[in-house]
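A short reminder: the numbers here are calculations on the coordinates, not readings from a lab. Note that the coordinates shown come from a computational prediction; the quantities given were computed from them, not determined experimentally. All Cβ positions, glycine included, derive from the backbone under ideal geometry; neighbour counts span all protein chains shown.
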Amino acid sequence: MIQLLQTALLIVFPALVITGALRDAVSFTIPNWISVALVLAFFPAALVIGASGGQIGLAAGVGFVALLAGMGMFAAGWIGGGDAKLFAAAGLWLGWPAVVPFLLVTGLAGGALAVTLLLLRSTWLQPFAACGPGWLGRLTTPGENVPYGVAIAAGALAAFPESPLFALASGMS
């Protein structure tokens with residue numbers, strides 16, 4: 001029974017991160033409830049999975065540093081506010097040392113996303129995008145924002161198996 005509860009709590013992270021990425025891709029916004037739910041779900045998940053106080057504290061520290069970094073990127077105009085909050089919430093769940101592959105994959109995914117959007121926003125592809133759903137038209141509009149939540153989600157999902165919570169839940173720690 002405890003294993004089932006641990007698994008259910010662990011699934012919250014990828015489910016909400018994917019939801020954030022999808023919402024960002026179709027609307028260029030990540031609702032606050034997603035980041036709030038991630039933060040609120042972390043603590044009971046960590047306790048039920050068996051994280052120590054030190055592991056929880058270290059994860060909180062990583063999340064706080066990620067929040068500061070996200071605020072800096074937002075202030076510089078590189079990412080949106082929802083992206084900054086999702087980045088911080090993901091940092092909390094991933095903790096140390098999984099934050100390292102999270103940063104690496106998020107950066108690479110962000111670059112791939114930017115190149116892909118440049119290609120999709122080229123003039124010769126515009127007629128094809130116009131035939132699709134409204135969100136695709138917005139996504140492929142030249143000069144439109146970049147849904148960086150997609151890259152954050154890619155990095156978070158790639159790094160999640162390296163996180164202390166995942167290791168504890170799967171018995172690897």
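So, in region 44-80, of the ones that are without any contact (Cβ under 8 Å) to a residue 40 or more places away in the chain and under 13 Å from the mean Cα position of the chain (by Cα), which residue ends up surrounded by the most Cβ atoms within 10 Å (Cβ to Cβ)? Step by step, filter region 44-80, then rank; the result is Gly70. In region 36-58, which residues are assigned to a helix (DSSP H, G or I) and either of a type in the set (S, T, N, Q) or in contact with a Lys or Arg (Cβ under 7 Å, 6 or more places away or on another chain) (or both)? Gln55, the sole residue that qualifies. Evaluate region 95-108: report whether one residue or more is touching a helix residue (DSSP H, G or I) at 6+ places or on another chain (Cβ under 6 Å), aromatic (Phe, Trp, Tyr), under 15 Å from Ser163 (Cβ atoms) and assigned to a helix (DSSP H, G or I). Yes, region 95-108 contains at least one residue that is touching a helix residue (DSSP H, G or I) at 6+ places or on another chain (Cβ under 6 Å), aromatic (Phe, Trp, Tyr), under 15 Å from Ser163 (Cβ atoms) and assigned to a helix (DSSP H, G or I).
When Gly81, Gly77 are checked against the criterion of being more than 17 Å from Ala169 (Cβ to Cβ) and touching a Phe, Trp or Tyr at 6+ places or on another chain (Cβ under 7 Å), a single residue qualifies: Gly81.
Scanning region 1-35 for residues that are assigned to a helix (DSSP H, G or I) and free of Cβ contacts under 8 Å to residues at least 12 places away in the same chain yields Gln3, Leu4, Ala8, Ile11, Ala15, Leu22, Trp33.
Report whether or not Leu139 is surrounded by 13 or more Cβ atoms within 10 Å (Cβ to Cβ) and over 30 Å from Leu47 (Cβ atoms). Criteria met by Leu139. Of all the listed residues (Leu136, Leu119), the sole one being more than 13 Å from Phe28 (Cβ to Cβ) and either part of a helix (DSSP H, G or I) or among the β-branched types (Val, Ile, Thr) (or both) is Leu119.
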